[in-house]
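As structure tokens, the structure follows; a few thoughts come after it.
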């Protein structure tokens, strides 16, 4: 695939379901992480634009048809959005890879088709959700209703922009909510494709707005008095700030934050299968994934063998132009992310960890924000490289003595988002999975299923996305007391 060189420019914002001129003149320039050249320009939404978007969402929720439609009518619209993803998935993949450096070889699935699957799975959940149920109360019969929460502010990051947008918008819209989507200034271009799809799908006026903007405007949106619910994906520090700002209005929040997930390899594991299963998900999205398996726990009895195997696999990853279909590791999204990874690599060496492979900027890449796939060995879990989320292609190999210590090390983290265990005995793996305190876990695989709950323990977040648990985050619960002896006719 040829390198993307054309400049993509948009002069309007998508507010209340239509493209309209921004109130301000500030512009976001999108920089290619591969070429370091400008590849796009879009308007930077202002606080005034936020006011317009929230007002449109408020009117659409309070007075418009969307929350009052039958579920089948909303599903028909969302199905059209999902189907459009299938048609335009390659366009999404190319745009996102060009903006954040995800190798196109994985972007088709990770960035585009996975987002389509989120929209599709939300439809499945919505069909079977208990919107209203009868219960026998202590004093008489009860009617328990689940009603849409209202206006949703959805704030998404640059690493998987459409996947995280779908995780918020699909359940919110199906529930009958209206939404304002705030997209990252690093990846605003794909959001315009989503806006076109939403417009063509027939969402009523006001139901959806999409605003590219920086953190200051995000904070203004999160703190808006007419927002009923905030759904945020990002760093722990930003999540704390979101919670603080939203608390001023007692706005409900869902936070999907960071991770430092551990892949435990038990002594009986098939090493070849473990390496093949872990490596793609340790260095996924160039190491810029909250669920990445960034700590690999290896038994002392096989440590040297495993260190050699993982170092060889990491060193063999093909680094280069993300638009080249043979590339397995692309550049980081921005110069600041590249420098952050290089700083942690230096810190790891200062802490006494052993550099097994990588550790530098690739010599073959004269430009672009690249860092070699890097693996540290002889890592102690107390080291900063093992405790802090680097969000780059830097992985720690940590030795352990027995299974109990492996579980202890996995849990010895301020995070609890993901993890996996690799063993010849699946039942033993399930037992380990039950003991590790993390929100999502896999046995002899790595998966993120959109029909189950996704979210974290500890600093990895609040609430859940996906499945009925995630869908339920967009509802209020109402209890209606009925007279004693009442029976439905």
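Where a number appears in this text, it was derived from the coordinates with a stated rule and is not lab data. Source: prediction; values computed, not measured. FYI the Cβ positions are ideal-geometry reconstructions off the backbone, even for glycines, and counts take in every protein chain you see.
For the reader, a short list of remarks on this structure follows.
- Label separation (residue 401 vs residue 366): 5.4 nm, computed from points 7 Å beyond Cα along the C-beta direction.
- Ordering of 333-342, 18-27, 373-382 by packing [mean C-beta count within 10 Å, highest first]: 373-382, 333-342, 18-27
- Alpha-carbon centroids, segment 370-416 and segment 218-232: separation in whole Å: 35 Å
- Summarising the strand pairing of the chain, around 45 percent of its internal DSSP beta bridges are antiparallel.
- Counting other Cβ atoms within 10 Å as a rough exposure proxy, the listed residues 180, 436 run 436, 180 from fewest neighbours to most.
- With Cα atoms, 0 to 90° folded angle of helix 426-435 axis to the chain main axis: 70 degrees
- Descending by average beta-carbon neighbour count within 10 Å, the peptides 254-261, 210-217 line up as 254-261, 210-217, the highest first.
- With N counted as the residues of segment 136-204, its alpha-carbon radius of gyration over 2.2 N^0.38 Å works out to 1.52.
- Across segment 323-353, the residues whose backbone nitrogen lies under 20 Å from the label position 7 Å along the beta-carbon direction of residue 384 are 335-353.
- Potential extension, residue 25-residue 240 segment - 0.36 nm per residue separation minus Cα distance: 74.3 nm
- Look at 328, 488, 36 and count the other Cβ atoms within 10 Å of each Cβ; fewest to most, that gives 488, 36, 328.
- Scattering profile of segment 376-489 at q = 0.20 Å⁻¹ [log10 I(q)/I(0), Debye over alpha-carbon scatterers]: -1.21
- q = 0.11, 0.23 Å⁻¹: log10 I(q)/I(0) that the Debye formula gives for segment 242-350, counting C-alpha atoms only: -0.50, -1.35
- Computed lengthening from residue 9 to residue 62, 0.36 nm per intervening residue step minus Cα-Cα distance: 15.6 nm
- For segment 213-270, the calculated P(r) over all alpha carbon pairs, in 5 Å bins from 0 to the bin holding the longest distance, is 4, 18, 25, 18, 8, 5, 5, 5, 5, 5, 2, 0 percent.
- Three semi-axes of the equivalent ellipsoid, segment 1-128, Cα gyration tensor, whole Å, largest first: 30, 24, 10
- Centre-to-centre separation between the Cα atoms of segment 158-192 and those of segment 438-489: 20 Å.
- Cα gyration tensor shape for the chain, rounded if a/c is under 1.5, else prolate or oblate: oblate
- Least to most buried among 221, 271, 139 (fewest other Cβ within 10 Å first): 139, 271, 221
- With only Cα atoms counted, segment 262-449 has Rg and Dmax values of 15.6, 49 Å.
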